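Bear in mind that the values in this text are calculations on the coordinates, not laboratory data. Predicted model only: the values in this text are computed from it and were never measured. Positions of Cβ are generated from backbone atoms using ideal geometry, with glycine treated the same way; all protein chains shown enter the neighbour counts.
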């Protein structure tokens with residue numbers, strides 16, 4: 001295998017590891033918070049009136065199934081990865097009962113537009129600054145020789161501002 005293929009494989013392995021760690025951190029952080037999304041949804045649903053205890057228990061059971069919170073921590077972890085692999089992110093906590101995948105598809109065009117705009121701006125600013133950078137090339141004020149050897153070529157550097165001032169004076 002050539003050096004380029006080895007480099008690409010290492011970078012892909014690094015990418016996969018970073019994504020795996022990020023997804024696991026998201027799982028651990030969301031499951032270690034003291035906030036129970038089921039109880040939060042039930043509190044919001046029952047805030048407007050009295051509901052029978054049987055209906056609340058049925059709602060609690062269906063919400064636990066909907067959010068993937070049934071079983072042990074390991075079973076929840078396996079269910080989390082299986083739902084993630086199939087693209088089923090479940091219902092949104094903040095926009096219940098809208099699926100998270102719907103919210104992602106709604107936000108995706110704006111995210112792509114932001115990415116394109118920032119890339120174009122960065123490219124333009126980088127090229128502009130790159131065009132300004134050679135103005136002081138070979139200037140002994142910035143590029144001091146590191147040895148006491150005599151220069152091989154005489155420095156005939158003239159600053160761009162001095163040249164433009166000379167043109168203005170001659171007019």
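Worth pointing out:
- Debye intensity ratio in log₁₀ form over the Cα atoms of region 1-150, taken at each q of 0.17, 0.18, 0.21 Å⁻¹: -1.16, -1.21, -1.33
- Principal-axis tilt of helix 3-32 within the chain, Cα atoms, nearest 10 degrees: 40
- In this simple spin-label approximation, residue 33 and residue 86 carry label points 7 Å from Cα along the Cα→Cβ vector, and these lie 2.5 nm apart.
- Relative contact order, whole percent, for the chain stands at 11, derived from Cα pairs under 8 Å and 6 or more residues apart.
- Using a Gaussian network model of the chain in which every pair of alpha carbons under 10 angstrom is joined by a spring, one finds that among 98, 41, 33 the greatest mean-square fluctuation is at 33.
- Among 132, 114, 152, residue whose mean-square fluctuation peaks in a GNM of the chain (springs only between Cα atoms under 10 Å): 152
- Exposure proxy ranking, count of Cβ atoms within 10 Å, fewest first, for 92, 50: 50, 92
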